[in-house]
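Reviewing the structure listed below.
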Amino acid sequence: MHDSALVLFSGGQDSTTCLAYALSKYARVETVAFDYGQRHRVELDARLQVIKALRAQFAQWAARLGQDHLLDAGVLGAVSETALTRDTEIAMQANGLPNTFVPGRNLLFMTLAAALAYRRGLQVLVTGVCETDFSGYPDCRDDTMKAMQVALSLGMDKRFLIETPLMWIDKAATWQMAQQLGGQALVDLVVEHSHTCYLGDRSQRHDWGYGCGQCPACDLRAKGFAAFRAAGVKN
Ligand code: ZN
């Protein structure tokens, strides 16, 4: 019987939805993020706003929401050169992966999260990785996560469960999930406080939230929100 979880929570739409998912399911929930020299601190700031808003607006979840952790993963910036850690244009590479791909990033994050969960006595690791995402990051695949679950459980001699509630759904369905978990109030919270834009733009407000409106992350979020809205109108 699982009753506690650690959510990998970056402050984006996906991980905010995952946090709501965990809060609806587990009695004790903690959050963790990684600071690895992101080009913009906006996401790390956004996550604090999301946590604050969740506590203020969802009393039943506030009682379950425990400590927030921020771990330094700056070593990633030292070993990899990507558009997320350096000031370069986002582009597709010859191998079919965008240059936002940071080799080993999720593997490192899952390992650090498991070590933290071990210390905090938390059983489930919840992450918003997704195979239907446009980018096809190999370390977001279902097989990778299943292999990590086995490796971490064996390597730490503790049975971890890795949950990936968004693995097979698209962005429209992620908005839908937020609506099912917390109604319009949660959808509004995700729109207002979560941050997805690669360029860190918080100056332009759209019906789907803040962002440049041009980068691949904004494009995906905007299209997903439009599809979610259109489906809602039909129902
Ligand atoms: Zn953007």
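The values are calculated or read from the model by the stated rules, or taken from the named source; none is laboratory data. Here the structure is a predicted model, which means the values were calculated and not measured. Quick reminder, even Gly has a Cβ in these numbers, built from the backbone with ideal geometry, and neighbours come from all protein chains shown.
Which residue is surrounded by the most Cβ atoms within 10 Å (Cβ to Cβ), if the candidates are limited to the stretch 95-119 and must be at pLDDT 85 or above and not aliphatic (A, V, I, L, M)?
Pass one, the stretch 95-119, residues at pLDDT 85 or above: 104-119.
The next check asks that each one be not aliphatic (A, V, I, L, M); those that pass are 104-106, 109, 111, 118-119.
Working: 104: 13, 105: 21, 106: 21, 109: 25, 111: 16, 118: 15, 119: 9.
Per the stated criteria, the residue is 109.
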Given (1) within 25 Å of residue 176 (Cα to Cα); (2) at pLDDT below 95, number of the condition residue 38 does not satisfy: (1)
Tally of residues being over 17 Å from residue 113 (Cβ atoms) and small (Gly, Ala, Ser) across the stretch 139-171: 0
The stretch 189-207 - residue that is of a type outside the set (Asp, Glu) and not in a loop (DSSP other than H, G, I, E, B) and, of those, farthest from residue 177 (Cα to Cα): 205
Subset of the stretch 209-221 (residues that are more than 17 Å from the chain's Cα centre (by Cα) and more than 9 Å from the ligand (Cβ to nearest atom)): none
Scan of the stretch 120-166 for residues that are in contact with a Cys (Cβ under 9 Å, 6 or more places away or on another chain), at pLDDT below 95 and outside any loop (DSSP other than H, G, I, E, B), ordered by number: 140
Failed criterion for residue 213 (all others in (1) part of a loop (DSSP other than H, G, I, E, B); (2) without any contact (Cβ under 8 Å) to a residue 24 or more places away in the chain; (3) crowded, with 21+ Cβ neighbours inside 10 Å hold): (3)
Residue match in the stretch 218-232 (condition: assigned to a helix (DSSP H, G or I), of a type outside the set (Val, Ile, Thr), closer than 17 Å to residue 106 by Cβ and modelled with pLDDT under 95): no
Scope the stretch 150-171; condition free of Cβ contacts under 8 Å to residues at least 24 places away in the same chain and of a type in the set (S, T, N, Q); matching residues: 153
Subset of the stretch 1-41 that is in a helix (DSSP H, G or I) and over 14 Å from the mean Cα position of the chain (by Cα) - its residue that is farthest from residue 200 (Cα to Cα): 25
Residue in the stretch 170-191 that is within 16 Å of the ligand (Cβ to nearest atom) and either more than 24 Å from residue 125 (Cβ to Cβ) or touching a Pro at 6+ places or on another chain (Cβ under 9 Å) (or both) present: yes
Options 144, 196, 164; residue that is away from the ligand (no atom under 16 Å from the Cβ), within 14 Å of the chain's Cα centre (by Cα) and of a type in the set (Ser, Thr, Tyr): 164
Residue within the stretch 51-64 that is in contact with a Phe, Trp or Tyr (Cβ under 9 Å, 6 or more places away or on another chain), loosely packed, with under 14 Cβ neighbours inside 10 Å and charged (D, E, K, R) present: yes
